[in-house]
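Enquirer: Could you have a look at this structure, given as structure tokens, before my questions?
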Amino acid sequence: MDVFEAMWTTRSMRRLDPDRDVSDEDVRTILEAALRGPTGGNQQPIRWLVIRDAETKRALQKVYLRCWEKGRKPYEEKPGTVAPNVLSSADHLADNLHLAPVIVIACACAGAGAGTSRRRQDASVYPSVQNLLLAARALGLGTTLTTAHLLEEDTVKEILDIPERVTTYALIPVGYPTGRWGEAKRRPLDEVSYHDRWGRLGPSVR
Ligand SMILES: Cc1cc2nc3c(=O)[nH]c(=O)nc-3n(C[C@H](O)[C@H](O)[C@H](O)COP(=O)(O)O)c2cc1C
């Protein structure tokens, strides 16, 4: 699959087949792709935690569900901010997270590669996460970048023995999707890009 097709059709796949396992080789491939992402000063602060153990996944699901119940409230209060199908698929994920064959958590050691800026450290994590999502797509594996667990990050860290100095950035269920691949909805480029000055709308690319 070419990189453009992967980018165009990588979307949150929250309904995963619990009965179709993901091979260790494929997990390795997506992590190898992930760690090719750029990091500030090439300091590579990211550590990947791969979870397959059923009990551990169950413990994570319980926390994730609690977090999602809190996290979805703002969307409930302002109907129309999120498409109803996104909410229902996010609900499905929260109810079934433990059934995902694999859960990957992107972590980073605080300080490493961050220089003085926390934002710089954060920016050293997500390019690799996106690489992982794209590589998974190329292998036919569905993923979702989730962060709901951050509402109870300390509990998640406790379950996984993650030291205090380490931060978690994304919790990514991985598995074969039960639904169809398709293009994600995005605003048109000319609505979100300016030329020469902030706010100057119009085609930014001739
Ligand atoms: C920073 C970030 C946090 C997200 N957190 C969650 C989450 O906690 N749970 C979830 O189901 N989806 C989560 N998502 C997925 C988004 O809801 C999803 O990307 C968005 O609705 C666009 O849909 P698409 O990925 O299918 O294009 C998150 C995405 C990002 C980038």
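Enquirer: Shape call for the range 73-145 from the C-alpha gyration tensor, a ≥ b ≥ c root eigenvalues: rounded (a/c under 1.5), prolate (a/b greater than b/c) or oblate?
Expert: Cα axes put the range 73-145 in the oblate bin.
Enquirer: Another question, if that's okay. Beyond 25 Å, what share of the Cα-Cα pairs of the chain is found? Please give it as a whole percent.
Expert: Taking all Cα-Cα pairs of the chain, the fraction more than 25 Å apart is 44 percent.
Enquirer: In a solvent-free Debye calculation with one equal scatterer on each Cα, what is log10 I(q)/I(0) for the range 1-116 at q = 0.09 Å⁻¹, listed in the order of the q values?
Expert: Results for the range 1-116 at q = 0.09 Å⁻¹ read -0.35.
Enquirer: For the range 112-206, what is the Kirkwood hydrodynamic radius in Å, using each pair of distinct C-alpha atoms?
Expert: Its Kirkwood hydrodynamic radius stands at 16.8 Å.
Enquirer: While we're looking at this one, here's another question. For labels at Asp190 and Ala6 in the simple 7 Å Cα→Cβ model, what's the distance in nm?
Expert: 3.1 nm
Enquirer: Further question on the same structure: Rounded to the nearest 10 Å², what accessible area does Lys62 have for a 1.4 Å probe in the complete protein model?
Expert: Its accessible surface works out to 120 Å², give or take rounding.
Enquirer: Something else: With +1 on each Lys and Arg Cβ and -1 on each Asp and Glu Cβ, how big is the dipole of the chain about its Cα centre, in debye rounded to the nearest 20? Mind showing how you got there, number by number?
Expert: Working: 29 positive and 27 negative charges, 148 e Å.
Value, rounded to 20: 720 debye.
Enquirer: Could you work out the local net charge near Asn96, counting Lys and Arg as +1, Asp and Glu as -1, over the other residues with Cβ closer than 9 Å to its Cβ? Walk me through the intermediate numbers first.
Expert: On the way: positive: Arg14, Arg15; negative: Asp95.
Taking every Cβ under 9 Å from that of Asn96, the sum is +1.
Enquirer: Something else now. Please go through the residue pairs Lys62/Lys185; Lys57/Lys185; Lys73/Lys157; Lys57/Lys78; Lys157/Lys185 and name each one whose alpha carbons sit more than 28 Å apart in this structure.
Expert: Result: Lys62/Lys185; Lys57/Lys185; Lys57/Lys78; Lys157/Lys185 exceed 28 Å.
Enquirer: Now for a separate question. Add +1 for every Lys or Arg and -1 for every Asp or Glu among the other residues with Cβ under 12 Å from the Cβ of Met13, and state the total.
Expert: +4
The values are calculated or read from the model by the stated rules, or taken from the named source; none is laboratory data. Quick caveat: nothing in here was measured; it's all calculated off a predicted structure. Heads up, the Cβs are rebuilt from the backbone with ideal geometry, glycines too, and the neighbour counts pull from every protein chain shown. Surface accessibility is based on the protein's heavy atoms, side chains included, excluding ligands, DNA and RNA. Shrake-Rupley method; radii C 1.70, N 1.55, O 1.52, S 1.80 Å.
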